[in-house]
């Protein structure tokens, strides 16, 4: 372990450790209790396959202009990797964990937030150390738990966020602003037939569970080239169909989706299905990116329903009512985010709804979907 004991008159290598981590990490996780500045000269290497920057907003100390600088600094494919622990009261960590190109894991933990003062004028104490593979896995699990209670920072979030006042010495003054309540509170009315809607949706999910093994087997055959895209499409109704009561959406996607490259789509879905839990969101973003690049017409309604059925607590079905709900909440994705980034942004917002509203009768995103359809849709069946 190496100590960095910083004072205004004693310089340390703390800044260089940050720069080296950003320049060389293939996985990098940064958590900071607040963000008052951002060094836009930091360069995150293109080989970094997993990145998270999670900040706090307690007392309104985090600065809006600093958040906007991060959004401008991030590439379009990484917009969804900047988050705020919006549903956590008492978020005070200051730490980095990363894996370098040689597979070595490191941590930097101490008193320093990501501020200019931390590297120049403050008294700060930090410890830098290589850590074992087991300790790194524990750190990733800890970050994942924080991420479940976080939302993606977007222009809408920044606009709604309340900063604290700035004191005469240009430092934010602590207030009770944003110390406990989410910055954007997600609400949804409960229609009179909520109980019946949820009963029907839960029945659909049970029907899906009974056919899940057959559905996955069909996907694996197509991905392996054992059957053609046309054969896959023709075989789908035998395992997933409204007549089997395991399909969430009505007719619609088939008109454009019939000619899709199902070999590519099934391979993408299986990579998501087989991914470790901690990496699944990133793989969803990546696979949706590949499918969007090839303009695969089944990547939205069909692919997202397969994700929702397989992971009902984590992923939504892409449909107009859900999009309208997010617009109504004035909580859109970051500008310039990719298609995959926008999808994960939507997923995280709906996950956040469930965290914010533990007493709500819907307990999964799949269940929430049917209520959103009743409130924002046409009031009848879900159509793609």
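Values in this text are rule-based calculations from the coordinates and carry no lab data. The structure displayed is predicted, hence computed values, not measured ones. Don't worry about glycine lacking a Cβ; one is built from the backbone with ideal geometry, like all the others, and counts go over all protein chains shown.
Among 58, 324, 156, a tally of other beta-carbon atoms within 10 Å of each Cβ gives an order, fewest to most, of 324, 156, 58.
Nearest 10 degrees, 0 to 90: what angle lies between the long axis of helix 280-293 and the longest principal axis of the chain (Cα atoms)? On a 0 to 90 degree scale, this one is about 60.
Going from the fewest other Cβ atoms within 10 Å to the most, the residues 1, 205, 96 appear in the order 1, 205, 96.
Only bridges with both residues in the chain count here: give the DSSP antiparallel percent, nearest 5.
Details: 27 of 37 bridges.
Counting only bridges with both partners in the chain, antiparallel ones make up about 75 percent.
Report, to the nearest 10°, how far helix 14-24 tilts away from the longest principal axis of the Cα atoms in the chain, using its own Cα long axis and a range of 0 to 90°. Once rounded, one gets 30 degrees. Sorting 6, 360, 40 by the number of Cβ atoms found within 10 Å of their own Cβ, with the fewest placed first, yields 40, 360, 6. Using Cα atoms only, what is the angle between the long axis of helix 365-376 and the major principal axis of the chain, expressed in degrees (0 to 90) to the nearest 10? Rounded to the nearest ten degrees, it is 80.
Rounded to the nearest whole angstrom, the semi-axes of the ellipsoid equivalent to the chain, taken from the Cα gyration tensor as √(5λ), stand at 41, 25, 16, largest first. Of 223, 259, 310, the residue with the greatest mean-square motion in the GNM of the chain, using alpha carbon springs below 10 Å, is 259. Taking a ≥ b ≥ c as the square roots of the eigenvalues of the Cα gyration tensor, the stretch 194-376 is classed as oblate, since a/c reaches at least 1.5 and a/b does not exceed b/c. Apply the a/c threshold of 1.5 to the C-alpha gyration tensor of the stretch 2-160 and tell me whether it is rounded, prolate or oblate. Here the stretch 2-160 falls in the rounded category.
Between residue 144 and residue 355, the C-beta separation translates, for a Förster distance of 22 Å, into a calculated FRET efficiency of about 0.95.
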